[in-house]
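Peer 1: Input: one structure, supplied below.
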Amino acid sequence: MKTLVNISWRNIWRHPARSSVLIAAIVAGLWAGVVTVGLVNGLMLQRIDYLIESEVTHAQLHHPEFLAEGYSWLSIPDHDEIKNWLENDGRVKAFSFRTITDGMLQSPVKTSGVRIRGVDSESERRTTTFHENIVEGSYLDDDTPSAVIMGKTLADDHNMEIGNRIVLTFEDTNNELVSGSFNIVGIFQSASTTYDERNVFVRSNDLIRQLSDSPIYHEAGIMLENEELASAVVSELNSSFSGIEAQTWRQLSPELSMLVELGGVMVILITLIIMIALAFGILNTMLMALFERMRELGMLISIGMSRLRVFTMIMTEAVILTITGAAAGMLLAWITIRHFSTSGVNLEMFAEGAAQLGWDYIIYPVLTPMEFVAILAVVVVITLVASAYPAMKGVRINPLEASKSA
Amino acid sequence: MSIIKTENLSKVYNPDTVPVHALNNVNISFEEGEFTAVRGPSGSGKTTLLNMIGGLDKPTEGSVTIDGVDISKLKDSKRIDFRLHNIGFVFQHYNLIPVFTARENVSFIMLLQKRGKKEIRERADALLDKVGLSKKKDSRPVQMSGGEQQRVAVARALASEPKFILADEPTANLDTESAMNLLDIMNRMNKEQNVTFIFSTHDQRVIDRARRVITMVDGAIHKDEEQHVAEQA
Ligand SMILES: Nc1ncnc2c1ncn2[C@@H]1O[C@H](COP(=O)(O)OP(=O)(O)OP(=O)(O)O)[C@@H](O)[C@H]1O
Ligand SMILES: [Mg+2]
């Protein structure tokens, strides 16, 4: 075996240029592939984390019809008991009750339809990171009466600045139109401009006062100690309380859970596409190496080298050739991913539209050891498959090739 | 007892399209220690005969028996193994492994035979000394002349300690001096170690060195004669 590896290694360097080109292609291909996988992963995970942490939370509960209908009278019954339950469950890290109604925002410039979200700034800060989206002014925690924060796009649209006033008009629970004037204390910019155009935040107490006679809530966002607890907590909530529906983030945002699955498929797909392209390179190089060595292989079989050994020799050559490139490519990719996993890759110049769709343009690539091993496995399998064909051809060589001229 | 014996050996190429009767009912035997030339016009079947005796190709009819084993009946893999341990080959085009040095080329066949490391090294060195390549042991084929390469090929054939060595036109690519030098070496091995050589050739000076000369015509043995060879100085 040592001799076979030796002979294979030297055969590879018989055509240094040809082998180098193939190895370089494998290095470049795998590097690009694995880094792309890392970026895709990073992008997905960031998107998921961001949406969970700033908006969606691990689980939410609503009146079963609220999400579809949106009427403010579809509120959460027995919210005090639910609060109590959530406070006493060790798996729950934080939660926040929100009062929500749809209405009109009116400025001297124009009128827009918005969703008005009444939040308790203290519990909301513990539950989500939405306050980090404030780009001007402050969140809802100072004591300015009737404070409102609005998205940057919406504010620009209405020519509004911090300190200006706007009027919010909506139906109360008795279907009476009510309106109130609110002071802009902050401007936010989330990852999605669409979200920024359609949502404004006020304190829940300010909203409840105009909406109903007693405290009402339409949504509770729940953060858990970790994401995996979501389905268990959700099903317990659903069986413990009637008239509500709790849902995990996967149920709330099918877009997100699809992303997770897509991520996995992408990893395999990217690796496969790159490896299949490389497989043709390996095949081509090995067939060339084979055809120009027919006489030599004929000689080896003539003097008594078994066909199994010839097969092994050719396979070894292909495998060494590929694995040299693959190892280098994957190592480079791993170093690249590690390097950028803390500093991030800034795709700002390519990502003009990304912010509008709620995507980050600084990506922190991620590659789990499992994925690394999976990619390695794909590489090894494809290499073996691509080398098997030339090796099979080599095995069938007639010993009489040894005495053919030219 | 003969080490090689053919019985009604026939070979037809392309039996289904344009049949070529390369060998017709050849009955011949070879003894241990022979130094034999096979001659004959081009296309007379010299190469075909050597390929049959060497187990590189299967006869259409008849048999080839080596040391009591009918090699035409062996499976391909068994035949390869049989060649490894019983038959040495020297080719017209030398056919060394280009990425290996002279020493590695000679060692390789012994590695295939699974001999011990030390034995391989010693034998390879001794054989290269014997064929006059003491200074070229670490040279690769491209760094050697045709004559030198062919001497490595002879050393390689000797290394496996075969029952006989077949050489199809071993001097065809060599100049006269190299050819005679190669013949000297083969002859010495034959004399000193009783190694059996059977070689085909067109070259009268090579034929003159053989003790037995077989002449082939149209796939049959036309003449088979002993000849006295003057001792070389
Ligand atoms: N693979 C083959 N397919 C078809 N015909 C072949 C094949 N090999 C040899 N022949 C034919 O068989 C006959 C004998 O060929 P062979 O090569 O044995 O002759 P030779 O005596 O070695 O000739 P030369 O002196 O030219 O080497 C020739 O007519 C040749 O054309
Ligand atoms: Mg011939």
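Peer 1: Take the range B:83-102 and flag every residue that is more than 8 Å from chain A (Cβ to nearest Cβ) and free of Cβ contacts under 8 Å to residues at least 40 places away in the same chain.
Peer 2: If the condition is that a residue be more than 8 Å from chain A (Cβ to nearest Cβ) and free of Cβ contacts under 8 Å to residues at least 40 places away in the same chain, then B:101 is the only one that fits.
Peer 1: Could you please give the count of residues in the range B:15-66 that are of a type in the set (S, T, N, Q) and within 12 Å of ligand 1 (Cβ to nearest atom)?
Peer 2: 8
Peer 1: Out of the residues in the range A:1-42 meeting the condition of being among the β-branched types (Val, Ile, Thr) and free of Cβ contacts under 8 Å to residues at least 40 places away in the same chain, tell me which one is nearest to the other protein chains (Cβ to nearest Cβ).
Peer 2: Looking at the filtered set, the residue picked out is A:3.
Peer 1: Also: Quick one: in the range A:304-345, of everything that is free of Cβ contacts under 8 Å to residues at least 12 places away in the same chain and touching a helix residue (DSSP H, G or I) at 6+ places or on another chain (Cβ under 7 Å), which residue is surrounded by the most Cβ atoms within 10 Å (Cβ to Cβ)?
Peer 2: A:304
Peer 1: Which condition breaks for residue B:68 when tested against (1) touching a helix residue (DSSP H, G or I) at 6+ places or on another chain (Cβ under 8 Å); (2) surrounded by fewer than 17 Cβ atoms within 10 Å (Cβ to Cβ)?
Peer 2: (1)
Quick grid of which residues meet (1) within 9 Å of chain A (Cβ to nearest Cβ); (2) modelled with pLDDT of 95 or more:
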| position | (1), (2) |
| --- | --- |
| B:54 | yes, yes |
| B:63 | no, yes |
| B:68 | no, no |
| B:73 | no, no |
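Peer 1: Six or more apart or on different chains, Cβ under 7 Å: which pairs go from a residue in the range B:213-227 that's free of Cβ contacts under 8 Å to residues at least 12 places away in the same chain to one that's within 12 Å of ligand 1 (Cβ to nearest atom) and of a type outside the set (D, E, K, R)? Could you list them?
Peer 2: From residues that are free of Cβ contacts under 8 Å to residues at least 12 places away in the same chain, the pairs are B:223/B:215.
Peer 1: Also: For residue B:191, all conditions in the list (1) more than 16 Å from ligand 2 (Cβ to nearest atom); (2) touching a residue at least 40 places away in the same chain (Cβ under 8 Å) hold save one; what is the number of the exception?
Peer 2: (2)
Peer 1: Within the set of pairs 6+ apart or on separate chains, which have a first residue in the range B:134-162 that is touching a residue at least 40 places away in the same chain (Cβ under 8 Å) and within 12 Å of chain A (Cβ to nearest Cβ), a second that is crowded, with 22+ Cβ neighbours inside 10 Å and assigned to a loop (DSSP other than H, G, I, E, B), and C-beta atoms under 6 Å apart?
Peer 2: Filtered contacts from the range B:134-162: B:141/B:96; B:153/B:94.
Peer 1: In the range B:34-52, what count of residues is obtained for those that are more than 14 Å from chain A (Cβ to nearest Cβ) and surrounded by fewer than 18 Cβ atoms within 10 Å (Cβ to Cβ)?
Peer 2: 2
Peer 1: Tally up the residues in the range B:2-33 that are surrounded by fewer than 20 Cβ atoms within 10 Å (Cβ to Cβ), among the hydrophobic types (A, V, I, L, M, F, W, C) and without any contact (Cβ under 8 Å) to a residue 60 or more places away in the chain, please.
Peer 2: Residues that pass the stated criteria total 3.
Peer 1: Taking the stated definitions as given, is residue A:169 of a type outside the set (A, V, I, L, M) and either in contact with a Cys (Cβ under 9 Å, 6 or more places away or on another chain) or more than 15 Å from residue A:185 (Cβ to Cβ) (or both)?
Peer 2: yes
Peer 1: Now a separate question. Among the residues in the range A:208-225, are any of a type in the set (Gly, Ala, Ser), in contact with a strand residue (DSSP E or B) (Cβ under 8 Å, 6 or more places away or on another chain) and at pLDDT 95 or above?
Peer 2: Yes, the conditions are met somewhere in the range A:208-225.
Peer 1: Taking only the range A:369-406 into account, find how many residues are away from every other protein chain (no Cβ under 14 Å), farther than 20 Å from residue A:25 by Cα and free of Cβ contacts under 8 Å to residues at least 40 places away in the same chain.
Peer 2: 3
Peer 1: If we only count helices (runs of 4 or more DSSP H) wholly inside the range B:108-216, which ones have 3 or more residues that are surrounded by 15 or more Cβ atoms within 10 Å (Cβ to Cβ)?
Peer 2: In the range B:108-216, B:117-130, B:146-159, B:176-193 are the helices (runs of 4 or more DSSP H) which contain 3 or more residues that are surrounded by 15 or more Cβ atoms within 10 Å (Cβ to Cβ).
Peer 1: Find all pairs meeting these conditions: Cβ atoms under 6 angstrom apart; at least six residues apart or on different chains; first residue within the range B:34-47 and of a type in the set (Val, Ile, Thr); second residue near ligand 2 (Cβ under 8 Å from one of its atoms).
Peer 2: Sorted first by the residue in the range B:34-47, then by its partner, the pairs are B:38/B:46; B:38/B:200; B:47/B:168.
Peer 1: Residues that are among the acidic types (Asp, Glu) and over 21 Å from the mean Cα position of the chain (by Cα), at least 1 per element: which helices (runs of 4 or more DSSP H) completely within the range A:206-320 meet that?
Peer 2: In the range A:206-320, the matching helices (runs of 4 or more DSSP H) lie at A:230-240, A:294-303.
Peer 1: Here is a list: A:298, A:325, A:329. Which entry is touching an Asp or Glu at 6+ places or on another chain (Cβ under 8 Å) and modelled with pLDDT of 90 or more?
Peer 2: Step by step, each of A:298, A:325, A:329 is checked, and only A:298 is touching an Asp or Glu at 6+ places or on another chain (Cβ under 8 Å) and modelled with pLDDT of 90 or more.
The values are calculated or read from the model by the stated rules, or taken from the named source; none is laboratory data. The shown structure was predicted, so the numbers you read here are calculated from the model rather than taken from an experiment. When we count neighbours, we look across all protein chains shown, and the Cβ atoms used for this are built from the backbone with ideal geometry, even at glycine.
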